[in-house]
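Have a look at the structure below, then the notes.
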């Protein structure tokens, strides 16, 4: 009986320990059919085709509903130059500016751009490249994976499963996700978007 109870106690602690250490499941940001749960800001036009979010036609941002602090977010992205350069980004811990909801978000941005020095994988704050990416791994017209992890002041960005940026910053504590269409004459596409709340 003592051996049985000892084994039962051990099993209990194993299960409890696993529940403490297991990461939460990924949650879909996008239903693959429409933009339910998203908010359009700015002049860009957004639509869904074949399970892909597409933005083009002007400057604007597409915000997702969750407001998170410690998080991971991942997805597949592609930008295409249609005559005026292609520039986009995946925002996190971000909000619409109170004085101009159609303006650039106030929060962090994982840059998506292949034509400037602060390229894909850099961490941006409003108007300012902040955390340098170690390598440019993307190019126009090509799909790639990106993942962001933000816990407390620690922010990390992976591109094509390679860690390219690590930085510490405390300015933005929580906020929404958003996708950017930077200007007319370009197209941004996003699919397989997932997030999870940490801690």
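For region 126-156, a residue qualifies if it is within 20 Å of residue 92 (Cα to Cα) and over 14 Å from the mean Cα position of the chain (by Cα), and the qualifying residues are 126, 127, 128, 129, 130, 131, 132, 133, 152, 153, 154. The number of residues in region 36-57 being out of contact with any strand residue (DSSP E or B) (no Cβ under 6 Å at 6 or more places or on another chain) and within 20 Å of residue 95 (Cβ to Cβ) comes to 1. Number of residues in region 178-189 that are in a strand (DSSP E or B) and within 17 Å of residue 107 (Cβ to Cβ): the value is 4.
How about region 190-199: which of its residues are under 16 Å from the mean Cα position of the chain (by Cα) and not in a strand (DSSP E or B)? Before the answer, list the steps.
Looking only at region 190-199, we keep the residues that are under 16 Å from the mean Cα position of the chain (by Cα), and these are 190-198.
198 - this is the single residue of region 190-199 that is under 16 Å from the mean Cα position of the chain (by Cα) and not in a strand (DSSP E or B).
Residues in region 134-143: is at least one surrounded by fewer than 19 Cβ atoms within 10 Å (Cβ to Cβ) and assigned to a strand (DSSP E or B)? There is no residue in region 134-143 that is surrounded by fewer than 19 Cβ atoms within 10 Å (Cβ to Cβ) and assigned to a strand (DSSP E or B). Taking residue 129, is it at pLDDT 95 or above, surrounded by fewer than 22 Cβ atoms within 10 Å (Cβ to Cβ) and assigned to a loop (DSSP other than H, G, I, E, B)? Spelling it out, it is not the case that residue 129 is at pLDDT 95 or above, surrounded by fewer than 22 Cβ atoms within 10 Å (Cβ to Cβ) and assigned to a loop (DSSP other than H, G, I, E, B).
Residue 73 meets all of the listed conditions (1) touching a residue at least 60 places away in the same chain (Cβ under 8 Å); (2) farther than 15 Å from residue 194 by Cα; (3) surrounded by 15 or more Cβ atoms within 10 Å (Cβ to Cβ) but one, namely (2).
Okay, residues lined up against (1) crowded, with 18+ Cβ neighbours inside 10 Å; (2) out of contact with any strand residue (DSSP E or B) (no Cβ under 9 Å at 6 or more places or on another chain); (3) assigned to a strand (DSSP E or B); (4) at pLDDT 95 or above:
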site	(1), (2), (3), (4)
147	yes, no, yes, yes
155	yes, no, yes, yes
163	no, no, yes, yes
173	no, no, no, yes
176	yes, no, yes, yes
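With the requirement that a residue be outside any loop (DSSP other than H, G, I, E, B), on the phi < 0 side of the Ramachandran plot and crowded, with 22+ Cβ neighbours inside 10 Å, what does region 90-112 give you?
Matches in region 90-112: 90, 91, 92, 94, 108, 109, 110, 111, 112.
Considering 123, 90, which residue is within 18 Å of residue 187 (Cβ to Cβ), in contact with a strand residue (DSSP E or B) (Cβ under 9 Å, 6 or more places away or on another chain) and at pLDDT 95 or above?
Details: 123 fails: within 18 Å of residue 187 (Cβ to Cβ).
Going through 123, 90 in turn, just one is within 18 Å of residue 187 (Cβ to Cβ), in contact with a strand residue (DSSP E or B) (Cβ under 9 Å, 6 or more places away or on another chain) and at pLDDT 95 or above: 90.
The values are calculated or read from the model by the stated rules, or taken from the named source; none is laboratory data. Predicted model only: the values in this text are computed from it and were never measured. Neighbour counts are summed over all protein chains in view; Cβ atoms, including those assigned to glycine, are modelled from backbone coordinates with ideal geometry.
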